[in-house]
Amino acid sequence: MAISEKLTLEQFLALPEEEVSLEYEDGRVTQKVSPQGKHSVVQATVVDRFNRIAAPSKLAMAFPELRTTYAGYSRVPDVSVYVWPRITRDASGEVANEFREPPDIVVEIVSPGQRVNALVRRCLWYVEHGVRAAILLDPADHSALLFHPDHTTTPLHGPDRIDLQEIIPGLVLTAHDLFASLRLE
């Protein structure tokens with residue numbers, strides 16, 4: 001939902017943060033869709049799986065709802081994953097507040113009311129601007145699309161592996177893994 005007409009990126013970044021994040025694209029400010037139950041569960045599962053596997057060995061870290069500003073846009077992907085040496089740090093060596101480089105992996109999750117085509121375009125934009133892999137997850141049909149910079153897109157479902165080994169060695173995920181948490185059994 002567009003909420004403002006033409007601002008510069010600097011003007012946008014000076015705005016106060018909102019509870020449901022604002023994003024900046026082509027001079028327009030939009031507000032993200034407020035996440036609902038399935039979206040929240042899948043997001044938490046994705047962050048947990050990445051961090052449980054990659055963070056202890058200092059391979060990568062997943063961040064939920066992290067503002068990333070680069071290539072003239074300021075977006076808040078559902079999950080941003082940075083390989084360990086690329087995690088932005090401040091002068092004291094702690095994780096920085098501002099991230100001005102593209103993540104290595106981005107995960108977007110379809111929420112009710114969102115247009116899938118808009119999220120596909122977003123994932124394509126990510127891989128065209130430095131993200132090494134973008135994943136679009138759809139809780140409605142438990143499917144995933146994996147986007148790569150070489151313009152290949154792989155549809156995934158059930159036991160299909162989400163292959164991110166060249167970015168995070170040892171990380172093995174399936175579409176089923178990311179949606180299994182929706183069933184509270």
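The values are calculated or read from the model by the stated rules, or taken from the named source; none is laboratory data. Just so it is clear, the model here is predicted, and its values are computed rather than measured. Positions of Cβ are generated from backbone atoms using ideal geometry, with glycine treated the same way; all protein chains shown enter the neighbour counts. Ligands, DNA and RNA are excluded from the accessible area calculation, which covers all protein heavy atoms including side chains. Shrake-Rupley method; radii C 1.70, N 1.55, O 1.52, S 1.80 Å.
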Problem - Unique match (being of a type in the set (V, I, T), open to solvent by less than 20 Å² (accessible area, probe 1.4 Å), under 23 Å from R115 (Cα atoms) and modelled with pLDDT under 95) among V41, V33, V20, V29 - result: V29
Exercise for the section: Considering each residue of segment 63-101, count those that are within 20 Å of C123 (Cα to Cα), touching a Lys or Arg at 6+ places or on another chain (Cβ under 7 Å) and among the β-branched types (V, I, T), and give that number. Expected result: 3
Problem - Selection within segment 44-53 - touching a residue at least 24 places away in the same chain (Cβ under 8 Å), touching a strand residue (DSSP E or B) at 6+ places or on another chain (Cβ under 9 Å) and open to solvent by less than 50 Å² (accessible area, probe 1.4 Å) - result: V46, V47, F50
Practice task
Output the residues belonging to segment 128-164 that are buried (at least 17 other Cβ atoms within 10 Å of the Cβ), farther than 21 Å from V83 by Cβ and small (G, A, S).
Solution key: S143
Problem - Unique residue being under 16 Å from L164 (Cα atoms) and small (G, A, S) when the list is S80, S92 - result: S80
Completion exercise
Over segment 85-117, the set of residues open to solvent by less than 60 Å² (accessible area, probe 1.4 Å) and either farther than 23 Å from A175 by Cα or among the basic types (K, R) (or both) is I87, T88, G93, A96, F99, P102
Exercise for the section: Tell me which residues, restricted to segment 89-134, are at pLDDT 95 or above and among the polar types (S, T, N, Q). Expected result: S92
Problem - Within segment 165-185, considering residues that are without any contact (Cβ under 8 Å) to a residue 40 or more places away in the chain and farther than 22 Å from S40 by Cα, the one surrounded by the fewest Cβ atoms within 10 Å (Cβ to Cβ) - result: E166
Fill in the blank from the handout: Among the residues of segment 61-84, the number that are assigned to a loop (DSSP other than H, G, I, E, B), touching a Phe, Trp or Tyr at 6+ places or on another chain (Cβ under 8 Å) and open to solvent by 20 Å² or more (accessible area, probe 1.4 Å) is 2
